[in-house]
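Colleague: Sharing a structure, written as structure tokens. Questions coming.
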Amino acid sequence: MSYVMISVSALLFSLVFVFSDRFRARYGEATDTVLQFTAGAHAAGCAALLVINRFRPEWTPFTLLAAGLAAVDLILFQLCSLRALGRTNLSKYSVFSMIGGMALPFLAGILFFHEPLAPGKLLCLLLVGASVVCTMERADTEGGRGYYLGVFLTNGLYGVICKWFSAATFPKTSEAGFSVLVEGFTVLLALLLLPFAKPRTGPVRGKGLLHMGAYGLFCAVGNYLLLLALRTLPATAQYPFVTGGVMILSTVYSCFSSQKPGKRELIAVLLALLGIAALLLL
């Protein structure tokens, strides 16, 4: 059942890249745009998770701390994401995002949460890591190295925070209660920062609102499913699986978009498939 949940998460995460890419193409990547997108998207996510949690108020001091750190991380992730998408295609952006989302929780699971390092997990990590090398070209990183590194680090740190919450023995809320607080804090932080951003975009309307809402809904539900799966799956198994799945699905989407994947991206997909097979079979 856990692998079913993280498979659904991988599908949802592959779609959120599509919505953020379309929003960026329409509204750009100015700071006020990023903050509007973040506030709107996570408001939609908060509403969905409140329904899932049956509108029950939950909080503990530890949960508030973890949710606050996750919210700061999400703000930084959105800022780096929209700007990185303006400098590379969707499949390559997803590599930067998902390799960070895999590598940092994987290492945290080994170093800090004492998860066993099975051969299948290690081989999966190496194969998915090798897929990154296939997509890296000098031209892809010119003028945007800081944003790519930011995407790598912030997506990875979010997984580490979620693992920390899941493994902690402090009094804490349910996974849904934690997720509601993360979404709510992210909205609040984005709205507090918005007046300090130079206005360039104007209010988001029409399809932009739909893109924000779809992004927030899919991302919130996907992260919630990953939290539930962490009850039974170690981070060293879960995050490489999700990473490989998202890379594959986002590249498949790129085949039907204007940003066609090249041979390097297709080789990367093959390596990701082999990595998932190693994780499941070894």
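The values are calculated or read from the model by the stated rules, or taken from the named source; none is laboratory data. These numbers come from a predicted model, not from an experiment. Don't worry about glycine lacking a Cβ; one is built from the backbone with ideal geometry, like all the others, and counts go over all protein chains shown. These accessible areas exclude ligands, DNA and RNA; they are computed on the full protein's heavy atoms, side chains included. Shrake-Rupley method; radii C 1.70, N 1.55, O 1.52, S 1.80 Å.
Colleague: Could the peptides 151-159, 4-12, 69-77 be put in order, highest first, of the mean number of other beta-carbon atoms found within 10 Å of their residues? If you can, show how the numbers build up before the last one.
Modeller: Numbers: 151-159: 23.8, 4-12: 19.0, 69-77: 21.2.
Put in order of decreasing packing, that is 151-159, 69-77, 4-12.
Colleague: Under 15 Å from the Cβ of T60, count the other residues' Cβ atoms, weight Lys and Arg +1, Asp and Glu -1, and hand me the total.
Modeller: 0
Colleague: Further question: Starting from the 7 Å offset along Cα-to-Cβ, what nm value, one decimal, do you get for the label separation of K198 and S174?
Modeller: 4.6 nm
Colleague: Related question: Name the shape class, rounded, prolate or oblate, that the alpha-carbon gyration tensor gives for the chain, where a ≥ b ≥ c are the square roots of its eigenvalues, rounded holds for a/c under 1.5, and otherwise prolate holds if a/b is larger than b/c and oblate otherwise.
Modeller: On the way: a/c = 1.73, a/b = 1.06, b/c = 1.64.
Oblate is the answer for the chain, as a/c is 1.5 or above yet b/c matches or exceeds a/b.
Colleague: Per 0.36 nm of contour for each residue apart, how much would the distance between A25 and K263 grow if the chain were fully extended, relative to their Cα-Cα spacing?
Modeller: On the way: separation 238, 0.36 × 238 = 85.68 nm, distance 2.48 nm.
Fully extending the segment from A25 to K263 adds 83.2 nm.
Colleague: For the stretch 57-65, in order, what is each residue's ³J(HN,Hα) by Karplus, 6.51 cos²θ - 1.76 cosθ + 1.60 with θ = phi - 60°, in whole Hz (x at glycine and Pro)?
Modeller: Those phi angles translate into x, 9, 6, 9, x, 5, 5, 4, 5 Hz.
Colleague: If you don't mind, there's one more thing I want to ask. What does the net charge come to around L226 if you take all other residues with beta carbon closer than 11 Å to its beta carbon, with K and R at +1 and D and E at -1?
Modeller: In short, +1.
Colleague: Need one number: nm distance between label points at E58 and F112, each 7 Å from Cα along Cα→Cβ, rounded to one decimal.
Modeller: With each label placed 7 Å out from Cα toward Cβ, I get 2.2 nm.
Colleague: Over the chain, how many pairs of lysines fall under 20 Å by alpha carbon, counting only those 8 or more apart in sequence or from different chains? Walk me through the numbers before you get to the answer.
Modeller: Details: K92/K260; K92/K263; K121/K163; K163/K172.
Taking the chain as the scope, the lysine pair count is 4.
Colleague: Work out, step by step, the length gained on full extension between L11 and V72: first 0.36 nm times the residue separation, then minus their alpha carbon distance; give nm to one decimal.
Modeller: Answer, rounded to one decimal: 19.5 nm.
Colleague: What list of ³J(HN,Hα) couplings, whole Hz, do you get for the stretch 162-169 from phi and the Karplus terms 6.51, -1.76, 1.60, once you set θ to phi - 60° and write x for glycine and proline?
Modeller: 5, 5, 4, 4, 5, 8, 5, 9
Colleague: Just grab the label-to-label distance for K207 and V4, each label 7 Å out from Cα along the Cβ direction, in nm (one decimal).
Modeller: Result for the modelled spin labels: 3.6 nm.
Colleague: In square angstrom, what is the accessible area per residue of the chain with a 1.4 angstrom probe?
Modeller: That works out to 44 Å² per residue.
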